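Data first, discussion second: the structure below is written as structure tokens.
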Amino acid sequence: VDCAYGPPKVARVVCFHGEPRPHNCGAEWVKIIWEDGKVLSNAGNTVPNTDTATMQDNIISACKLNIPWLTRHTAHEGHAVMVAGGASTHDFMDDIRQRQEEGQVIFAMNGSFDFLRRHGITADWQVVMDARIENLRFVEDCHPRKGILLSSQCHPNLFGKVNGTPVELFHNYTTTALGVVKPKDPTSVHFVGGGNTIGLASIAVAYSKGHRMFHLYGYDSSSIATGYALKCI
């Protein structure tokens, strides 16, 4: 309301608390930013935290490894429990534990695997896709699990630190990966959507494994609420 005719020139953040919301306030400057993305388009996009050349080298290295690539599975009725790293996950531990007891499959992202383990829950799958070498900490202390899903853009050292845990390789659907993933048989590669955000990419990974019902936890920084059920048709 206070910025109906434009924010102060020194403003960096404008908070829409209550009505109107950005999509219905009618101010032209908001329309340009919110709907057309002509002013703050770069600020609004998620960009990789690793340079393209490094990610390309990582992908090429991963493709040479003798490990299976993620393939697309037939759709089934199994539920996928997606656990991200948001603080709210702690409030849903009983819910996650019950879903596991009911046979639902848990996909833990990055350090969420160890967080769940400390609370007595061993996730079925751990998903890691960040290309930085610092992410070794996510896989070094490996405990029993069904397997680890590693993006081909992950640092090569991660693949040598999984201590015998089964690994499946997935390729993110990015211009970087498209330019260097060249299998002998084009039908043997399945690219995963979701951009550079592991929360969204993990949903695409679980979808590739045939899941169509998802329960999301720890998506605190996402526009999708945590504890939310998502059904894909």
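Values quoted throughout were computed directly from the atomic coordinates according to the rules given, and no laboratory measurement underlies them. Since we're looking at a predicted model, the values are computed, not measured. Please note: Cβ atoms are built from the backbone with ideal geometry, for glycine as well, and neighbour counts cover all protein chains shown.
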Quiz prompt | Listed residue pairs exceeding 21 Å between alpha carbons, taken from Lys64/Lys182; Lys9/Lys31; Lys146/Lys182 | solution = Lys146/Lys182
Practice problem: Bin width 5 Å, alpha-carbon pairs only: give the P(r) of the range 123-197 as whole percents, running from 0 to the bin holding the largest distance. | Solution: 3, 15, 26, 23, 18, 11, 4, 0
Quiz item: From the backbone phi of the range 49-58, what are the Karplus-calculated ³J(HN,Hα) couplings (6.51 cos²θ - 1.76 cosθ + 1.60, θ = phi - 60°) in whole Hz, Gly and Pro given as x?
Solution: 9, 10, 5, 4, 4, 5, 5, 4, 5, 4
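Less than 12 Å Cβ to Cβ from Thr176, Lys/Arg counted +1 and Asp/Glu -1: what total charge do the surrounding residues give? Walk me through the numbers before you get to the answer.
Working: positive: none; negative: Asp51, Asp57.
Overall, the nearby charge balance is -2.
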Practice problem: List the relative contact order of the range 67-179 as a percent without decimals, with contacts defined as Cα pairs under 8 Å and 6+ residues apart. | Solution: 23 percent
Quiz item: Along the range 69-82, what does the Karplus equation 6.51 cos²θ - 1.76 cosθ + 1.60 (θ = phi - 60°) give for ³J(HN,Hα), rounded to whole Hz, x for Gly and Pro?
Solution: 9, 4, 10, 8, 9, 5, 4, 9, 8, x, 8, 10, 9, 9
Quiz item: So who's got an amide H within less than 5 Å of the one on Val81, skipping anything under 5 residues away but keeping other chains? H placed 1.01 Å off N, in plane.
Solution: Val105, Ile106, Phe107, His215
